[in-house]
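Just below is one structure, and these are the notes that go with it.
Derivation of every value follows stated rules applied to the coordinates shown; laboratory data play no part. What you are looking at is a predicted structure, and each value in this text was computed from that prediction instead of being measured. So basically every Cβ, Gly included, is an ideal-geometry build from the backbone, and we count neighbours across all protein chains shown.
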Amino acid sequence: MGIQTLVLATNFPQIYWNCACLIVNAGGTDLLEIDINDEENEKKKNKTSNYGKVAKAIGESKNKGIIVLPPDINKSELIFRPDASRNAILYGLKGLTRIGTDLVYTIFSNRPYSSIEDFMAKVKVNKTQMVSLIKAGAFDSLYNNSRINVMEHYLRLVADQKKRITLQNMQMLIEKQMIPETLDYERRLFNFNKYLKNFKDGLYYNLDTRGFNFYSAFYPIDKLEEVNINGNTKTAKIKQSIWDSIYKKGMDPVRDWMKTNQQEILTDLNNCLYQEIYNKYAYGNISQWEMESLNFYYHEHELENLNNKAYGIVDFFKLPEEPEVDRKFITKDGSEIIMYQINRIAGTIIDKDKNKSTITLLTTSGVVTVKIWKNQFAKWDKQISAKGEDGKKHVLEKSFLARGNKLIITGIRRGDNFIPKKYKSTELPLFEKIEEIENGLITRSSTERLELEEDII
């Protein structure tokens, strides 16, 4: 091993040594030993990355001026690899969320790729996996580093884009609220016809009270058979052939509208369908995408432009390793009470360890381990749910300590850890989950958990 280290350090560019150190520090050496065809390595093959360890190792490398690039679909390996031409380190595909080892090796075996379409033709991948690859930047090199354009291009390929509008699209147009008010009656007629289909009886449709009321409001009663009116209860039946003729004629205005405005309706509907899939898979900015897929920021941190002064946020690494005393006082029994100076730090959660009651927080200046008291950890980590009217549990509030959440934490530094802490006189909340930021200011946040007597999952 010593000779290998010497050869690497003296016969290869410095970036090779830097990459080797990053692999070791990130805990990636186990993955290098995997044989994809070895069943004994199945557990190791499916082992997920230690995101906290990876982020800390990347942070240390970046602080030394080493460039860590997003993954490249044609060049990245299982884990980190040196790119001597750019004097940088490429992120590995195995480190991406939702990307398993089997998929990584399938990607390797079908290289190279020239476009999104070429990739999809060679590799079987679902939307979630494809979106993760795009968010991570794996296709940036194929599209002039325009990641947003890559995402838009892919989603337009997979969105349910319509080529023609007919009456078969009526339900979708109703759901998208695209039917004009002038056709409100026809909308109601369409819904009534759907309702009527639930009451087929041989060659007839049965009309319950609801059906009878709608029918009698617009159509002649003499077309009905077996009419029965008993107080508020009304029933009847109508031949299917008669009703189908009425319905067909009644929907003619819709057909005319669709024919006259075909292209306009088509454009509006396809834009709506595209926006829905974009909101589902691609909400947020590039920094958010990177945190979701890579668990580190290649672009700027999401809190980079937060007005730290306005919220009393400090740099953890500039705090003394032991908390500073704010004041002392003596109790009646002669005991000395020490009050420490309280500080606030902010960052994005990239990992948590329930056994150790810790979270790994990526701040704008580096990775910080936050050590939380066990009872506090349970309170803030729990996912709160309640039974709905359907008898099933529904999540009302997810964990404050979930990966990707952005937190401001009040407490003290002790050694290499930050300890959440506050006194009765401390006006600041212990945890503040940042939900929206605009122009450097927090416009929406949460500081308390929901209080329910319902079951907690």
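If amide H atoms are built 1.01 Å from N in the plane of the peptide, which residues on other chains or at least 5 residues away come under 5 Å of the amide H of residue 88?
83
Relative contact order for the chain using alpha-carbon pairs under 8 Å, separation at least 6, rounded to a whole percent?
In percent, rounded to a whole number, it is 11.
For each pair in 332/379; 194/259; 163/387; 280/433; 124/162, compute the distance between the two Cα atoms and list the pairs where it is over 31 Å.
The pairs that break the limit, which is 31 Å between Cα atoms, are 332/379; 163/387.
Using modelled backbone amide H atoms (1.01 Å from N, in-plane), which distant-in-sequence or interchain residues come within less than 5 Å of residue 414's amide H?
419
Mind sorting 192, 418 by how few other Cβ atoms lie within 10 Å of their own Cβ, fewest first?
Fewest-to-most Cβ neighbours within 10 Å comes out as 192, 418.
Using only DSSP helix segments of four residues or longer, with each worth -39500 (n - 2.57), what per-residue ellipticity at 222 nm results for the chain after dividing by its residue count and rounding to 500?
That calculation yields -10500 deg cm²/dmol at 222 nm.
Using Stokes-Einstein with the Kirkwood hydrodynamic radius over Cα pairs, what translational diffusion coefficient do you get for the chain at 10 °C and a viscosity of 1.306 mPa s, in µm²/s rounded to a whole number? Each step should come with its number before you reach the end.
On the way: Rh = 27.5 Å.
Value of D from the Cα-based Kirkwood radius: 58 µm²/s.
Could you line up 176, 371 from fewest to most neighbouring Cβ atoms inside 10 Å? Present the calculation step by step, with values, prior to reporting the outcome.
Numbers: 176 14, 371 18.
By the 10 Å Cβ count, ascending, the order reads 176, 371.
Could you state, as a whole-number percent, how many of the C-alpha pairs of segment 83-209 are farther apart than 24 Å?
It works out to 54 percent of all Cα pairs.
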